[in-house]
Amino acid sequence: MISIPHKAKQFLVLLIKLLIVGGAFYFIYSQLANNDKLDWEKFIVLFQKNQSIAGISFLLLLSFLNRFFEILKWQNLVSYLHKISLLEATKQVLGALTAGLFTPNGLGEYAGKALFFKKSEAKKIIFLNLICNGIQMILSIVFGIFGLLYFNTNFNVISSKTVLFLFGLFFLAFLITFLLKKITIKGYSIEKLIHKTNEIPKSIHQKNILLAVCRYLIFSHQYYFLFLAFDVDLPYLTMMATIASVYFLASSLPTFQFLDFAVKGSVAVFFFGILGVNEWIVVFISTLMWFLNVVLPVIIGSYYVMNYKILTPALSKGEGDET
């Protein structure tokens, strides 16, 4: 086995850090600078008309709470293996978010979090991250289905037959999954995954679900308040059902984190177009949501990436920081 000199290893790690951070900032800049659908002049006029320190502070607070609840979720789940401090959980979540910015569906985030732990624990960390993201996905599906049904009842986008067909398809997929749960692929099966999930204490799962619900309500209402800031006056239930539908359908599509606002924006333009909302407003709000909830955390996460150390003494010994 080839041994890499310490100096060369340090240089390689620095190069990877610079590529991750540099790549993240390049993608952010290119998406903001080259999007011809963003009418900055209209935005500036509307901003000057409705500018409010209290309003801006409130939206920034929601962004903070959105990411804070994600950090609490991660700290809670990792407590199954180690007790880690809130600061350590923050480093791991924001650092991994930065690493996963330009990977499909944020897959780099899984590897990013695993790097903070011993190699022998990598599979467990990836599994915990799967649960962390999985509960958020389940909530998006549940709220999204109810949102779509409410939206479709009022605007009849698809026929009743299509709705029944989709539910039948969903039920069939669930039935097939249940019947094939014992089939093993490379040592893994759905039954084994369920068993591993059940090994985690119920108290951790319950707290994880509660935090995930709080996080969902925070970012969905941030979307809602942004529409209010852009003078979009629609009934509350209609708006929330549309937002839930957008998040559900957008999260079902394969994408990159740095293109997240473009995907959600395209889906949102379709749904809010039916409600008569101007396209440029929808695009701008989707971009602002992306900026507030992805770009700002990535800027902070870049600091943690640049200060990342290969060995974390406490964790390398199998110990965590006490909360």
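The values are calculated or read from the model by the stated rules, or taken from the named source; none is laboratory data. The shown structure was predicted, so the numbers you read here are calculated from the model rather than taken from an experiment. Backbone-built Cβ (ideal geometry, glycine too); neighbour counts: all protein chains shown. What goes into the accessible areas is simple: the full protein's heavy atoms, side chains included, and nothing from ligands, DNA or RNA. Shrake-Rupley method; radii C 1.70, N 1.55, O 1.52, S 1.80 Å.
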Give me the residue from the stretch 129-148 that is open to solvent by less than 30 Å² (accessible area, probe 1.4 Å) and free of Cβ contacts under 8 Å to residues at least 60 places away in the same chain and, out of that set, farthest from ALA241 (Cα to Cα). ASN129
Residue that is at pLDDT below 85 and part of a loop (DSSP other than H, G, I, E, B), where the choices are LEU249, LEU253: LEU253
Could you tell me how many of the residues in the stretch 97-107 are out of contact with any Leu (no Cβ under 9 Å at 6 or more places or on another chain) and open to solvent by less than 20 Å² (accessible area, probe 1.4 Å)? 3
Tell me, yes or no, whether the stretch 172-188 has at least one residue that is assigned to a helix (DSSP H, G or I), in contact with a helix residue (DSSP H, G or I) (Cβ under 7 Å, 6 or more places away or on another chain), at pLDDT 70 or above and hydrophobic (A, V, I, L, M, F, W, C). no
Given (1) at pLDDT 90 or above; (2) outside any loop (DSSP other than H, G, I, E, B); (3) open to solvent by 30 Å² or more (accessible area, probe 1.4 Å), identify the lone condition not met by ILE299. (1)
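Residues checked against (1) open to solvent by less than 50 Å² (accessible area, probe 1.4 Å); (2) more than 26 Å from ARG215 (Cα to Cα):
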| position | (1), (2) |
| --- | --- |
| GLY95 | yes, no |
| GLU109 | yes, no |
| LYS118 | no, yes |
| GLU121 | yes, yes |
| PHE127 | yes, no |
Do you know which residues across the stretch 208-235 are charged (D, E, K, R) and at pLDDT 95 or above? ARG215
Pull out all pairs, ordered by first then second residue, where Cβ-Cβ is under 7 Å, the residues are six or more apart or on different chains, the first lies in the stretch 203-230 and is in contact (Cβ under 8 Å) with a residue 12 or more places away in the chain and more than 16 Å from ASN66 (Cα to Cα), and the second is hydrophobic (A, V, I, L, M, F, W, C) and part of a helix (DSSP H, G or I). ILE204/LEU77; PHE227/MET239; PHE227/ILE285; PHE230/LEU46; PHE230/ILE281; PHE230/ILE285
